[in-house]
Amino acid sequence: MKEAISTKLLYISFAVLCIVSSETKLRSMAMKLFDAHCHLQDQRVVDKAPLLIHIANAAGVVYIAVDGITEKDWHLVKEMSDEFDSVIPNFGLHPWYVEGKSRSWFNTLKELFEANPSAAVGEIGLDKSPLAKGVDFGEQVEVFKKQLQLAKDLKRPASVHCLDAFPELLQIMKEIGPFPAGVILHSFQGSPQVVPQLTKLGSYFSFSGHLMPLKKDKARKIVKAVPLDRILLETDAPDALPTNPIFFVPGNATLNQPANVHSVLIYVASLLELSKEELADISYNNALRVFSFQGSKIPLK
């Protein structure tokens, strides 16, 4: 019965893809794109993940970086990566969940990376915003430092969450860095003033639908502060549904999916006054560069 439902959903979704996509949109989907950060292991969409991956691939999203956030979901990320060539696995302990970690969390994480050479590090980070209310910041720092140092030692990129903690982030990155393998500031909304220092340390800046609620002038200043060779695009699905979504998750139109990296592309390109084709090429090649570490699914150039 479940297989029949999944097959039906697949047919319905591809039908929706054909209906909502005009000739212009279909032409744009011939471009290669890379969703640099999402969470298809999230319980809200994990049962639909195969479908959403197929939709994204059909829409020109060649690779999808799926980031774990707790010990409880790392195995789901691994299974997804094992099943789909387009999924780049990332394992990490998110700052919101540091207090729920087991005593063996770091050994488990290191063993995962040893067994999975195609995996990057993430999602890790620091958060002093109201979203992390009640989570001890000192513990966040301790967990973050261990994971960031691990990423450097493994020569793999790290996907970093940072909200209201850029001074602390910069200090730690200066202590441990630089990072030749790259640090990805996911869903970046930081001040343009921090960009040069972060860039010097090896950072890339990934933009998502979280940028869209900002005032357009503010969003434009943030995006234009980033060197073109450090720009990445992401969806942060199932969150951060763009204000201009092209695709909807079957059964829940409030959730996001990797194919909507097209919507992020359209918005960021407009802020940069670039064509969609130009930004698609720039961001895709930037993502290939940062994710083509030794052992990655992406061939080294």
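Checking the structure you have, find out if any residue of the range 157-179 is of a type in the set (D, E, K, R) and either open to solvent by less than 20 Å² (accessible area, probe 1.4 Å) or in contact with a strand residue (DSSP E or B) (Cβ under 8 Å, 6 or more places away or on another chain) (or both).
Scanning the range 157-179 turns up at least one residue that is of a type in the set (D, E, K, R) and either open to solvent by less than 20 Å² (accessible area, probe 1.4 Å) or in contact with a strand residue (DSSP E or B) (Cβ under 8 Å, 6 or more places away or on another chain) (or both).
From G190, G134, grab the single residue that is free of Cβ contacts under 8 Å to residues at least 40 places away in the same chain, in a loop (DSSP other than H, G, I, E, B) and over 21 Å from the mean Cα position of the chain (by Cα).
Within the list G190, G134, the selection yields G134.
Any idea how many residues of the range 248-292 are assigned to a loop (DSSP other than H, G, I, E, B), in contact with a Ser or Thr (Cβ under 9 Å, 6 or more places away or on another chain) and open to solvent by 10 Å² or more (accessible area, probe 1.4 Å)?
So the count comes out to 2.
Considering only the range 135-151, state which residues are open to solvent by less than 70 Å² (accessible area, probe 1.4 Å) and either touching a Pro at 6+ places or on another chain (Cβ under 7 Å) or not polar (S, T, N, Q) (or both).
V135, F137, G138, E139, Q140, V141, V143, F144, L148, L150, A151
Filter the range 52-75 for residues that are under 16 Å from the mean Cα position of the chain (by Cα), assigned to a helix (DSSP H, G or I) and either at pLDDT below 95 or aliphatic (A, V, I, L, M) (or both) and give the result.
The answer is L52, I53, A56.
Can you name the number of the only condition in (1) among the acidic types (D, E); (2) closer than 22 Å to A120 by Cα; (3) open to solvent by 50 Å² or more (accessible area, probe 1.4 Å) that D236 fails?
Of everything listed in (1) among the acidic types (D, E); (2) closer than 22 Å to A120 by Cα; (3) open to solvent by 50 Å² or more (accessible area, probe 1.4 Å), D236 misses just condition (3).
The values are calculated or read from the model by the stated rules, or taken from the named source; none is laboratory data. Quantities reported herein were computed from a predicted structural model and do not represent experimental measurements. In this analysis, Cβ positions are derived from the backbone assuming ideal geometry, glycine residues included, and neighbour counts consider all displayed protein chains. Accessible surface areas use protein heavy atoms only, side chains included; no ligands, DNA or RNA. Shrake-Rupley method; radii C 1.70, N 1.55, O 1.52, S 1.80 Å.
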